[in-house]
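Working notes for the structure below.
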Amino acid sequence: MDPMRRSPSPCSSRPSSPRTPPCEMLGYVGIEAVLDQLKIKAMKMGFEFNIMVVGQSGLGKSTMVNTLFKSKMWKSTVQGLGTPTPQTLKLQSVTHVIEEKGVKLKLTVTDTPGFGDQINNDKCLRPLDIEFLQRLCRTVNVVPVIARADSLTIEERETFRRRIQHNLRTHCIEVYPQKCFDEDINDRILNSKIRDRIPFAVVGADREHLVNGRCVLGRKTKWGIIEVENLAHCEFPLLRDLLIRSHLQDLKDITHNVHYENYRVCRLNESHLLPRGPGWVNLAQTPAGPLAAPQPSKACQQDQEDSKDDDEY
């Protein structure tokens, strides 16, 4: 992926009229100076990015976040040292300001401790995960990953990936980047490659090791060093490029212009704050009341009926 690629907003308002022909200019005006103005303003204000990591204890969520930003963002708890692991579903958030080459990023990381710790479903995409993703994909951008991928062989990794992709399609779980937001052929080609590799098989590590005379982030095992940024070892570089280097602004735009607006209109409809009439917009799939889980479409229901004979997961 091109690290300098910046995807435009998928929901930016565009006029429906035909393209306006360019006006013939008689001299230099300085319109391109607006780019410098935007850059200076952005450098002063900085950027904000919120990320939530979800998964059961011991999957390496804290280590993955520290690896993503190469900082001690989150202190992971070491089990087996006499400190009991808290069993709670209370969300925990921590905010840090990261600065790199004059660019400031206000990063907020939210953890979900105790998620699914009381459920034992090894080697499968658990029903809890499916139910959670069905509710979550309507509210935020979802990027699933295969944690601790170094515990799987290449063949097991690919089999597990295809199985998860099948489950996502069967249960109508939309993951980022969504097909409906591909604006042009270039976006479609790039995002299709990303969608084919999701969920990314990642390995997290926040320690450096010396390999062939160079320091690399990795995990030391008795078989050797697992390099985090080596695509031959894991797909962590693909996840990092997606979240930070190529699609960060696009993630923010979709969250603000699509997910938040849909949620806001749904809540207003439920509160009866919008008058019923020609301008009435109803995005809620259920009657007024507490938010319910989104129901799959007819096509997805048919897909589920066709897949009843498949292996259980």
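The values are calculated or read from the model by the stated rules, or taken from the named source; none is laboratory data. If you're wondering where the values come from, they're calculated on a predicted model, not measured in any experiment. Using ideal geometry, Cβ is built from the backbone for each residue, glycine included, and neighbour counts are taken over all protein chains shown. These area figures cover heavy atoms from the full protein model, side chains too; ligands, DNA and RNA do not enter into them. Shrake-Rupley method; radii C 1.70, N 1.55, O 1.52, S 1.80 Å.
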Subject >> Local electrostatic count at ASN191 - Lys and Arg +1, Asp and Glu -1, tallied over other residues with Cβ under 9 Å >> reply: +2
Subject >> 18 Å Cα-Cα threshold exceeded, pairs from LYS72/LYS106; LYS61/LYS104; LYS44/LYS72; LYS61/LYS101 >> reply: LYS61/LYS104; LYS44/LYS72; LYS61/LYS101
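Just subtract the alpha-carbon distance of ILE31 and GLU131 from 0.36 nm times their residue separation and send over the number in nm, one decimal. Mind showing how you got there, number by number?
Details: separation 100, 0.36 × 100 = 36.00 nm, distance 5.01 nm.
Stretched fully, the ILE31-GLU131 segment lengthens by 31.0 nm.
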Original post:
If you take the beta carbon distance between THR108 and GLU229 as r and set R0 to 30 Å, what does 1/(1 + (r/R0)^6) give as a FRET efficiency, to the nearest 0.05?
Top reply: 0.75
Subject >> Cleavage-rule hits (trypsin sites (Lys or Arg not before Pro)) in the stretch 157-254: DSSP loop, at most 14 neighbouring Cβ within 10 angstrom >> reply: ARG207, LYS222
Original post:
Which whole number in µm²/s is D for the stretch 108-200 by Stokes-Einstein, with the Kirkwood Rh taken over Cα pairs at 37 °C and 0.692 mPa s?
Top reply: 222 µm²/s
Subject >> Per residue, in Å², the accessible surface of the stretch 146-229 once ligands and nucleic acids are set aside, probe 1.4 Å >> reply: 58 Å²
Subject >> DSSP-assigned coil residues among GluC sites (Glu not before Pro) in the stretch 155-260, each with at most 10 further Cβ atoms within 10 Å >> reply: none
Original post:
At a 1.4 Å probe, what is the % contribution of carbon and sulfur to the accessible area of the stretch 141-227?
Top reply: 51 percent
**OP:** Roll a 1.4 Å probe over the protein heavy atoms and report the accessible area of MET45 in Å², nearest 10.
**Re:** 140 Å²
